[in-house]
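**Student:** My questions all concern the structure below.
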Amino acid sequence: MRPLIVTAPSETRRMLRRRRLNIVRGIAALLTVWAIGAVGFKVIEGGDWSWMDAAYMAIVTMSTVGFEEVRPLSDNGRLFAMGIIVTGVGAFAYTFAMLGEQLVSGQLLSNLRQRGTEAMLRRLRGHYIVVGYGDTGAVVASELHSVSDSRVVVIDSNAAKVQDASEDGFTGIHGDGGQDEVLVKAGIMRASSLICTVAPDSAALMTVLTAHVINPELQIVAKATLPESEPKLVRAGASKVISMHHIAAIRIVDEAIGEVRPDMEARKSMEVDGGIVRLETGEAIVEAGGPYCDRALGESSAMFDSKADIVAIRRADTGRLVDADDEAVPRVGDRLILVGTPRHVAEAVTALMREQE
């Protein structure tokens, strides 16, 4: 059975509450008109009418079904019936419109499923929380699933990525990982570890700080894109910080000296609660006229849907590493530095080079 998306407090949740409130209002309007109709017919038509007659006449008038009058109405009774017809039809139309909207959009079924998933989250113990389902987060979640029997809960502020996580077999929560209510919903007090892979580093810092305040004993592993972010993440409460630039730099040094140093190999992995996620780097040269040349990464297809993460650009003229954010512009001869598992990096490099041919 496919996991369901749990939406944290957001515009979608507020919309659902508003729709439910509209239905309650419609039902309340119907009951009010019915009560007013029953009392009105009883009072206007006198003592010959029983309360059952009055209530029956009110519902028949409201629904405009066309049944015969219980008893002949006086002129005042007919005028009153006209008012009940107008208000009753309006109340029925409003209520059924709200119910129809709920049923057509599938919200009733979605609400039931969401409640079931939230109940499951409340029962979870020893699970992993992955904040950020981008290139790195998707790899981490996949590797954790393969090396552990524990569940993985994914948090992301992008609804499309939450949907991707759900389709990949994980429980997804749509919300900001830096908010207390979202982390509590993910079961942070009962989790085994939290892995933060969000970007930019400022968002990761807020997530780590919030998680550490809520649960100081939790193991927190964070990804740092910029070298200067490492000590900040540690001070915020991260148990371990993985620097993507550091991993890329190790690979460059290994290539420069022509050998792989055993002590460095141990540093090119991510240890999460006893499980090892192997990381590798790769490079793709930017070709002249290619789809990534002289265009900001955020405006090109370089940020493709792969399981590897583009973390840096090595400039062809200076050899300097530049952070691969959305504003970075690759130039001819530059090398895109990718980080991920060996298989995912190989697939990403192949895909990048194929797209430039």
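**Student:** Applying the selection to the stretch 42-59, what residues are closer than 19 Å to ASP75 by Cβ and within 54 Å of the chain's Cα centre (by Cα)?
**Tutor:** ALA54, MET57, ALA58
**Student:** Contact list please: Cβ distance under 7 Å, first residue in the stretch 180-202 and over 19 Å from MET120 (Cα atoms) and without any contact (Cβ under 8 Å) to a residue 40 or more places away in the chain, second residue surrounded by 20 or more Cβ atoms within 10 Å (Cβ to Cβ) and of a type in the set (A, V, I, L, M, F, W, C), pairs at least six apart or on different chains.
**Tutor:** Pairs found: ASP201/ALA224.
**Student:** Go through the residues of the stretch 314-334 one by one and say whether even a single one is modelled with pLDDT of 70 or more, β-branched (Val, Ile, Thr) and closer than 27 Å to SER193 by Cα.
**Tutor:** Going residue by residue through the stretch 314-334, those that are modelled with pLDDT of 70 or more are 314-334.
Those left that are additionally β-branched (Val, Ile, Thr): 318, 322, 329, 332.
After this cut, where a residue has to be closer than 27 Å to SER193 by Cα as well, the list is none.
The answer is no, given that none of the residues of the stretch 314-334 is modelled with pLDDT of 70 or more, β-branched (Val, Ile, Thr) and closer than 27 Å to SER193 by Cα.
Every residue, every condition in (1) in a helix (DSSP H, G or I); (2) of a type in the set (A, V, I, L, M); (3) modelled with pLDDT of 85 or more, yes or no:
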| position | (1), (2), (3) |
| --- | --- |
| ARG2 | no, no, no |
| LEU30 | yes, yes, yes |
| VAL33 | yes, yes, yes |
| ASP48 | no, no, no |
| ASP53 | yes, no, no |
| VAL70 | no, yes, no |
| PHE92 | yes, no, no |
| PHE96 | yes, no, no |
| LEU109 | yes, yes, no |
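**Student:** Let me ask you something else. Going through VAL140, VAL130 one at a time, which residue ends up being assigned to a helix (DSSP H, G or I) and within 21 Å of ARG190 (Cβ to Cβ)?
**Tutor:** Of VAL140, VAL130, the one residue that is assigned to a helix (DSSP H, G or I) and within 21 Å of ARG190 (Cβ to Cβ) is VAL140.
**Student:** Something else: Looking only at residues that are small (Gly, Ala, Ser) and loosely packed, with under 14 Cβ neighbours inside 10 Å in the stretch 111-143, which one is modelled with the lowest pLDDT?
**Tutor:** The extreme case among them is GLY116.
**Student:** When only residues in the stretch 145-173 that are within 17 Å of LEU218 (Cα to Cα) and surrounded by 19 or more Cβ atoms within 10 Å (Cβ to Cβ) count, which is nearest to the chain's Cα centre (by Cα)? Steps first, answer last, please.
**Tutor:** Pass one, the stretch 145-173, residues within 17 Å of LEU218 (Cα to Cα): 150-155.
Now drop any that are not surrounded by 19 or more Cβ atoms within 10 Å (Cβ to Cβ), which leaves 151-155.
Details: ARG151: 17, VAL152: 14, VAL153: 11, VAL154: 8, ILE155: 6 Å.
This residue is ILE155.
**Student:** I would also like to ask the following. Considering only residues that are charged (D, E, K, R) and either free of Cβ contacts under 8 Å to residues at least 24 places away in the same chain or outside the structural domain of ALA93 (by TED's automatic domain parsing) (or both), which ones fall in the stretch 40-65?
**Tutor:** Looking only at the stretch 40-65, we keep the residues that are charged (D, E, K, R), and these are 42, 45, 48, 53.
Residues satisfying the conditions are LYS42, ASP48, ASP53.
**Student:** Next question, about the same structure. Criterion first (part of a loop (DSSP other than H, G, I, E, B), modelled with pLDDT under 60 and not small (Gly, Ala, Ser)) does GLU259 satisfy it?
**Tutor:** yes
The values are calculated or read from the model by the stated rules, or taken from the named source; none is laboratory data. Model, not experiment: these values are computed from the prediction. Positions of Cβ are generated from backbone atoms using ideal geometry, with glycine treated the same way; all protein chains shown enter the neighbour counts.
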